[in-house]
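Chemist: Next up is a structure, given as structure tokens.
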Amino acid sequence: MSYYDIDAILTDAEKVPCKFELDVPELGYLDNNPSQSLKAGTSIGLPLWLAEPLALTSRSPGSSEEDSKSFVALDLPPSLSNEVMSALKADPRAVPLRDQSHNFYGLGTRMLDVFEEREVCAILRKTFVTRATDIALHARKAGATEDMGVGAGEEFLRGLEEWERKLFRKAHEGTKGTKEWMEGVKKH
């Protein structure tokens, strides 16, 4: 990903649940208490770009175990919750990933950089592979036949998150390019 990749920027802006491990003066406004300090144990959503370093950085690297805890405890976002993972295990095609997060796979990848969740990794991989076959089929059909109709294509695209939309566009462009090439070969 490049520095200017809008999908990476939007993924980093996703809020993730965090629980503060210490009192922080002057940050009560994050919990709608502007005149108070942010108390230890307070759970709030922070953007991923801020939550990740706070969770991975220890307070005092060379001191006791209590002091070497991180500033916040990070948790998986709701889009990667047990309920969503169970639904994806049951049928990956039935879950509209865009409703979970516009950058579902990007968020999943970033969270797997922080957490070692082998099961989540396996579910995301299976989900992508399963849905990719449907995406390729729809991309091949898009514009080629009248049976799909405009409404059906729009409804299908509505449930796709950004990585899947890019895959759809590439597959559609590839099918279209192949068809144009074949027509050119037939003419000569």
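Chemist: How much net charge surrounds residue 11 when only the other residues with a Cβ under 15 Å from the Cβ of residue 11 are counted, with Lys and Arg +1 and Asp and Glu -1?
Modeler: -4
Chemist: If you don't mind, there's one more thing I want to ask. Can you tell me the Rg and the Dmax, both Å, for the Cα atoms in the chain?
Modeler: Cα radius of gyration and Dmax of the chain are 22.0, 79 Å respectively.
Chemist: Let me ask something else. Per the helix-only calculation at 222 nm, which mean residue ellipticity applies to the chain, given -39500 (n - 2.57) for every DSSP H run of n ≥ 4 and division by its residues, nearest 500 deg cm²/dmol?
Modeler: My calculation for the chain gives -16500 deg cm²/dmol from helical runs alone.
Chemist: Run the quick spin-label model on residue 43 and residue 91: label points 7 Å from Cα toward the beta carbon, then report their separation in nm to one decimal.
Modeler: Simple spin-label model gives 3.1 nm for this pair.
Chemist: So how much slack lies between residue 186 and residue 122, counting 0.36 nm per residue of separation and subtracting their Cα-Cα distance, in nm?
Modeler: 18.6 nm
Chemist: If you don't mind, another one. Any idea of the accessible area per residue across the chain, 1.4 Å probe, to the nearest Å²?
Modeler: 63 Å²
Chemist: Only Cα pairs under 8 Å and at least 6 apart count here; give the relative contact order of the stretch 1-41 as a rounded whole percent.
Modeler: Over the stretch 1-41, the number comes to 31 percent.
Chemist: Pairs to check: 39/69; 15/141; 15/170; 15/89. Give those whose C-alpha atoms are more than 26 Å from each other in this structure.
Modeler: Flagged as over cut-off: 15/141; 15/170.
Chemist: State which stretch of the chain is the longest one without any exposed GluC sites (Glu not before Pro), exposure meaning a DSSP loop state and at most 15 other Cβ atoms within 10 Å.
Modeler: The longest uninterrupted stretch comes out as 67-115.
Chemist: How far apart, in nm, are two points set 7 Å out from the Cα along the Cα-to-Cβ line at residue 178 and at residue 13?
Modeler: 3.7 nm
Chemist: Still on this structure, please answer the following. Using DSSP loop states and a limit of at most 14 other Cβ atoms within 10 Å to flag trypsin sites (Lys or Arg not before Pro), what is the longest stretch of the chain containing no flagged site?
Modeler: Here the longest run is 70-188.
Chemist: Let me ask something else. Over the chain, what percent of the accessible surface lies on carbon and sulfur atoms, probe 1.4 Å?
Modeler: In the chain, the share of accessible area belonging to carbon and sulfur is 55 percent.
The values are calculated or read from the model by the stated rules, or taken from the named source; none is laboratory data. Keep in mind it's a predicted model, so treat the numbers as computed, not measured. Methodologically, a virtual Cβ is constructed for each residue, glycine included, from the backbone with ideal geometry; neighbour enumeration extends over all protein chains shown. Heavy atoms of the whole protein, side chains included, go into the accessibility calculation; ligands, DNA and RNA do not. Shrake-Rupley method; radii C 1.70, N 1.55, O 1.52, S 1.80 Å.
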